[in-house]
Amino acid sequence: MTNFIHPFSFGDREQSDLLGGKGANLAEMVKIGLPVPPGFTITTEACRAFLADGKIPETLPVQLENALKNLERELNKEFDNPSKPLLVSVRSGAKFSMPGMMETVLNVGMTPQVAEAMGKQSGNPKFAWDCYRRFVDMYGRIVCGVPSEEFQKITTRVLSQFDASLVTDLDIDGLKALTEGFIKETEAVTGEHFPSDPREHLAKSVEAVFHSWNSERAQLYRQRERIPSDLGTAVNVQSMVFGNLDDQSGTGVAFTRNPATGEIGSYGDYLVSAQGEDVVAGIRNTMSLADLAIELPRIHAELEDAMVKLEAHYRDLCDIEFTVEKGKLWILQTRVGKRTAEAAFRIAVQLVDEEKISIDEALVRVTGDQLVHLMFPQFDLRGHVNEIARGIPASPGAAVGEVVFDSKKAYEVSKNGRKVILVRRETSPEDLAGMVASQGILTSRGGKTSHAAVVARGMGKTAVCGTESITVDQSGGFFTVGGRSVYAGEVISIDGSTGAVYLGEIPVVASPVTTYLEGLLDSKSEEASAVVKAVDRLLTHADSIRRLQVRANADTPEDAIKARILGGQGVGLCRTEHMFLGPRRSYVERLVLAENVDVQRGVIAEMEFLQRADFVGIMMAMSGLPVTIRLLDPPLHEFLPPLAELTAQIARSEALHEEIPARDFAVFAAVQRMHESNPMLGLRGVRLGILIPELYKMQVRALVHALLEVRKLGHDPRPEVMIPLVATQRELLYLRESLEEEIGLTFKGTGQLEKIPIGTMIETPRAAITAERLGIYADFFSFGTNDLTQLTWAFSRDDVESSFLPRYLDLELLPFNPFESLDQAGVGILVKNATDQARSLRSDFKLGVCGEHGGDPTSIHFFDKIGLDYVSCSPFRVPVARLESGRAVALKMVKEISSL
Ligand code: PEP
Ligand code: MG
């Protein structure tokens, strides 16, 4: 028989899979001797069985009865025995904390008889009837499904009847009347008598908690937080202690350090004569722990003692819920506390200084995502701010602008140089232009995987999503929040790192962490804040232990300089096509239109001149470090005007009998000739290089000349040539030979003949599968995981993020966006396969990755594991990649040590 129930004296914090986070931590606290009210945990396994079969596991009722009997014996109290009543709380507790998402029923065991007797025994009948009232309230809503509004109406009626403004002001008769009202309403909803047997109350409460795993809000929360939906929750049944007994009683929450700033010293709130959620409900003013020290010094000392014990034991910031019952302290729950990015970095190094953890562990405790948060500009919240709402922080940053409700309007207003925030219920692909034009996006619906969130993150735009407290009236041109309307044109400020929405303009300040990373702030100086010092320490440690090199994707000297300052160890991808887009697009157009070889040569010579200057700038910036020049990749049509536009233009001119210049006709004809249905699968990459050999030859010539020039200027250029989109060995060999010949010819006569490494990107599945054959003719491989993902999944990265991907993410058909984080189970296998093949060819085969995944934390850990030499990412993400590459090594070390 499966054992579905364990007393708190069983197990420890390692068992959160089975006992849930709360249950595992309760067990741990019992183990270290903290005052925990006794109880037992019903396992997640029982919940999973319940969810699978749609009914309570057959053996659970008997096990529950036994567990209850044991608890009764231990406490010498009994269910339904007014002379020594046992009351319990029934709380959810999943493996991953889902605060406020599932249900809790307090005071189970309460009946009118128990209330009567408890009132006499405690000398405080009001307290006893209040407990009964609380029980009926929770049981009615949570177990019997009475809508809260109905109980609210009854409360309002009774309060006015008894001339009271708060429930706590009601006398015993008032409390009884209120409870009676709740019972009648519950009976009306269920059509049954309100049960009087506490055993039935307990069983039904347990079932309600199981049910609440699949409540709408819990499902939504899991989707947003990417918590698997099949884990189930544990249920903790714990004997009640009462913070609402008298003024020597109360309840509170405390943190062992400040979870917002990371400041050393405990931090928390306490509420006298209160129970359960009164503290967080914010109805009455709480007192700080410092005030508690004055009011109840002994309790405060005990609490501090417990916190010291907990921190020493968990070796991390803990948060706790506690209750004081008639001057006795009880710890109701604890967990390793959630914290802001700033607090995470600060606390990690504090714990090293206090010799509680090693520097490797400290590095493991922070993340690249947290570093990203610290790198964005921030709001200066020191002045007066008016926070009007809080949504889900979906894409970091601090954005200020006028409210607009319409994408077209966003585009128009921003064209006039004004900053806008696009506010919508949710966004769709039609909103793309408006999103691009906005400083940030605010939605009232959807979570971290909504269209707005996914697209904003892709664009690096600030977004706050799922701000449920605002109601958007798009046609009316306003949104309402907390009884106030905000109209189009009013200025708001949104914080994509915290989800805060402010009315008015909040000043934006540069992030001190970025100032430090850019070399403009010395971490040792006095101006450097504690968080800057902490980032410096952990990043320096990451650099000292990481195996992966970190390069940057940079196409301009400015980007290369920035990347180097941020710690980039070379350029892993220089997309040369970016040098011929924008104002230089006309060169390619002229090349395509060249009527003879001489004209073509002339254009190419001009291009070579420009290209050479670009290469000089980048190689100077990266002197002494490798620079991988990727030869032209995109389809030719990307350099030409769009076919639809030209067709319309020609048709309009014809209709108006205007004269059409011959050149326009020629461009139109060329664009028609080159039009492809699937350009990303057409004439691009190496295929272009083979079809117009002069292009790639021009590029390598420019590179050799640039190399010589840079060297002459006293620098140390280290270029590498990379061929894109290769699929077969013959393509590679054919091009390699012609490029080597061209390089040789260009060096000839300079007296400096040398080899420039020529490698290939691995970005077609065929290249990955036949890597061993390609490796014979490649000096290095760089995985182009953007194309490799696109070609493996057969969906276009340019299209899916604004069309079906958000829906797939919402339905959990995809656990994450595979263009953001590498699909290790699919694309990852191709990368690993190619890596193994290359290394079987030459054990020191140089391997890197230059797709966007090179800057993604999870993917970096994968690349480290399979043994790549470097990752290359956008300059802004270089510090993240440095930190995560170090974390990958630290994680291994910490795991090894803990398994000794
Ligand atoms: C890739 O495909 O991963 C890559 C780096 O090339 P691009 O993004 O330029 O196609
Ligand atoms: Mg590519």
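The values are calculated or read from the model by the stated rules, or taken from the named source; none is laboratory data. Please read these numbers as outputs of a predicted model, since none were measured by experiment. Please note: Cβ atoms are built from the backbone with ideal geometry, for glycine as well, and neighbour counts cover all protein chains shown. To get the accessible areas, we keep the full protein, side chains included, count just its heavy atoms, and leave off ligands, DNA and RNA. Shrake-Rupley method; radii C 1.70, N 1.55, O 1.52, S 1.80 Å.
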Q.
Testing the spin-label approximation: label points 7 Å from Cα along Cα→Cβ at residue 9 and residue 543. State their distance in nm.
A. 5.5
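For the stretch 377-510, what class follows from the C-alpha gyration tensor (a ≥ b ≥ c being the square roots of its eigenvalues): rounded when a/c is under 1.5, otherwise prolate if a/b is larger than b/c, else oblate?
Working: a/c = 1.20, a/b = 1.14, b/c = 1.05.
Since a/c stays below 1.5, the shape of the stretch 377-510 is classed as rounded.
Work out the FRET efficiency for residue 811 and residue 248 from their Cβ-Cβ distance, taking R0 = 56 Å, and round it to the nearest 0.05. Let's see the in-between values first.
Values: r = 53 Å, r/R0 = 0.95.
Given R0 = 56 Å and the Cβ-Cβ separation, E is 0.60.
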(Q) Explain nothing, just compute: Karplus ³J(HN,Hα) = 6.51 cos²θ - 1.76 cosθ + 1.60, θ = phi - 60°, for every residue of the stretch 418-425 in order, whole Hz, x for Gly and Pro. (A) 9, 8, 10, 10, 7, 10, 9, 4
Q: Would you list, by chain and number, the aspartates and glutamates whose Cα falls below 17 Å from the Cα of residue 419, excluding same-chain residues fewer than 8 positions away?
A: 402, 406, 431, 490, 495, 505
Q: Give the span of the stretch 116-256's Cα atoms along each principal axis, as three whole-Å numbers ordered largest to smallest.
A: 47, 45, 31
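Looking at the stretch 695-795, which trypsin sites (Lys or Arg not before Pro) are DSSP coil and have at most 14 other C-beta atoms within 10 Å of their C-beta?
On the way: sites: 697, 701, 711, 712, 730, 736, 748, 755, 766, 773; in loops: 748, 755.
Passing both the DSSP loop test and the Cβ count: 748, 755.
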(Q) Cross-link candidates for residue 415: which lysines have Cα within less than 23 Å, leaving aside residues fewer than 8 places away along the same chain? (A) 461
Q.
How would the stretch 20-97 be classified by its alpha-carbon gyration tensor: rounded, prolate or oblate, with rounded meaning a/c under 1.5 and the a/b versus b/c comparison settling the rest?
A. oblate
Q | Per-bin percent of Cα-Cα distances, the stretch 29-154 [5 Å] | A | 2, 9, 14, 18, 21, 17, 12, 6, 1, 0
Q.
If I model a spin label as a point 7 Å beyond the Cα along the Cα-Cβ vector, how far apart are those points for residue 593 and residue 83 in nm?
A. 10.6
Q.
Quick check on my link table: of 69/95; 846/895; 22/176; 31/533; 309/865; 31/326, which ones sit more than 31 Å apart, alpha carbon to alpha carbon?
A. 22/176; 31/533; 309/865
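Is the stretch 193-347 best put as rounded, prolate or oblate by its Cα gyration tensor, with a ≥ b ≥ c the root eigenvalues, rounded for a/c under 1.5, and otherwise prolate when a/b is larger than b/c, oblate when not?
The shape class here is oblate.
Taking 4 °C and 1.567 mPa s as the conditions, I'd like the Stokes-Einstein D for the stretch 250-339 in µm²/s, using the Kirkwood hydrodynamic radius from alpha carbon pairs. Write down the numbers at each step before the final one.
On the way: Rh = 13.0 Å.
Reported coefficient: 100 µm²/s.
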Q: Would you mind working out the accessible area per residue for the stretch 606-712, using a 1.4 Å probe, and quoting it in Å²?
A: 45
Q) When the gyration tensor of the chain is built from Cα positions, what are the square roots of 5 times its three eigenvalues, in whole Å, from largest to smallest? A) 62, 31, 26
Q) With axes computed from alpha carbons, what is the tilt in degrees of helix 693-712 against the longest principal axis of the chain, rounded to the nearest 10 within 0 to 90? A) 80
Q. Roughly how tilted is helix 44-53, in degrees to the nearest 10 and between 0 and 90, from the longest Cα axis of the chain?
A. 80
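Under a 1.4 Å probe, what is the accessible area of the stretch 250-339 per residue, stated in Å²?
Values: 3980 Å² over 90 residues.
About 44 Å² of surface per residue is accessible.
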Q) Could you give the accessible area per residue of the stretch 48-115, probe 1.4 Å, as a whole number in Å²? A) 45
Q | Between 0 and 90°, nearest 10: helix 662-674 axis offset from the chain longest Cα axis | A | 60
Q. Tell me, what % of the accessible area of the chain is carbon and sulfur with a 1.4 angstrom probe?
A. 52
Q) Taking a threshold of 31 Å on the Cα-Cα distance, which of the pairs 562/697; 356/524; 153/338; 356/562 fall above it? A) 153/338; 356/562
Q. Quick one: what Rg and Dmax do you get for the stretch 590-636 from the alpha carbons, in Å?
A. 14.0, 43
Q | Value of [θ]222 nm, deg cm²/dmol, for the chain, DSSP H segments ≥ 4, -39500 (n - 2.57) each, nearest 500 | A | -14000 deg cm²/dmol
